[in-house]
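The values are calculated or read from the model by the stated rules, or taken from the named source; none is laboratory data. Keep in mind that this is a model prediction, so the values were computed, not measured. Here the Cβ is made from the backbone with ideal geometry for all residues, glycine too, and neighbour counts use every protein chain on show. Note: areas computed on protein heavy atoms with side chains; ligands, DNA, RNA excluded. Shrake-Rupley method; radii C 1.70, N 1.55, O 1.52, S 1.80 Å.
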Amino acid sequence: EVLAETGWTGLTVEGVAARAGVAKTTVYRRFSSRSDLAVAAVAELLASARIEPSDDAAADIAGSVRAVAAVYSTPEARAAYLAVVAEAGRDDELRAAVERSIIAPARQLVADGLDRAVARGEISRARADERCDLLYDVLAGTLVHRLLVRGDRIDDVFVETLTNVVLVALRHDAG
């Protein structure tokens with residue numbers, strides 16, 4: 001909440017401690033800096049997206065898009081994510097923390113979904129391995145741009161269209 005309200009420059013451990021009604025030392029026991037605190041807060045928001053695996057790649061993709069969109073649709077998540085990512089563009093340590101705590105777990109969810117699709121015979125292992133990073137980038141980039149940059153809503157038509165585009169790319173034989 002503090003990050004969303006004040007932006008990066010207004011975020012302080014003291015302000016968070018005051019809002020939480022605890023001593024500053026209590027916050028520092030868990031987080032070594034405001035960067036650690038901010039990344040943990042954004043990671044927790046994104047981890048709240050409930051993605052239920054299914055028995056179908058299209059359902060996995062559509063469900064994931066809807067779950068992440070629900071989180072990014074909250075004003076707190078939008079403001080906090082944009083503040084952290086903007087600052088990460090200027091701070092290599094923060095960028096590494098974003099990669100480790102936010103991006104890597106999300107990429108793992110994509111890899112897990114691809115593994116399920118391979119096990120069901122929906123896509124080949126080679127395609128899954130080759131396209132995992134690209135799939136993550138397409139999904140994450142599209143959602144961040146659509147929801148956070150443009151401020152648009154995600155509706156069923158958009159989810160179905162994005163799902164179909166991703167499936168075509170996954171199933172396309174490039175060679």
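Remark: pairs (first residue in the range 132-146, among the aromatic types (Phe, Trp, Tyr); second residue part of a helix (DSSP H, G or I) and open to solvent by less than 40 Å² (accessible area, probe 1.4 Å); Cβ separation under 7 Å; 6+ apart in sequence or on different chains) = TYR136/ALA106; TYR136/VAL110.
Please note which helices (runs of 4 or more DSSP H) are completely contained in the range 47-127 and include at least 2 residues that are more than 23 Å from VAL165 (Cβ to Cβ), in contact with a helix residue (DSSP H, G or I) (Cβ under 8 Å, 6 or more places away or on another chain) and open to solvent by less than 50 Å² (accessible area, probe 1.4 Å).
Of the helices (runs of 4 or more DSSP H) lying wholly inside the range 47-127, those with at least 2 residues that are more than 23 Å from VAL165 (Cβ to Cβ), in contact with a helix residue (DSSP H, G or I) (Cβ under 8 Å, 6 or more places away or on another chain) and open to solvent by less than 50 Å² (accessible area, probe 1.4 Å) span 75-88, 92-98.
Residue pairs whose Cβ atoms lie under 8 Å apart, separated by 6 or more positions or on different chains, with the first residue in the range 88-105 and closer than 23 Å to VAL138 by Cα and the second basic (Lys, Arg), are ALA88/ARG95; GLY89/ARG95. One residue alone among ASP156, ASP137, ASP133 is at pLDDT 85 or above, under 17 Å from ALA59 (Cβ atoms) and surrounded by fewer than 16 Cβ atoms within 10 Å (Cβ to Cβ), and that residue is ASP156. Of the residues making up the range 11-36, those that are of a type in the set (S, T, N, Q) and open to solvent by less than 70 Å² (accessible area, probe 1.4 Å) are THR12, THR26, SER33, SER35.
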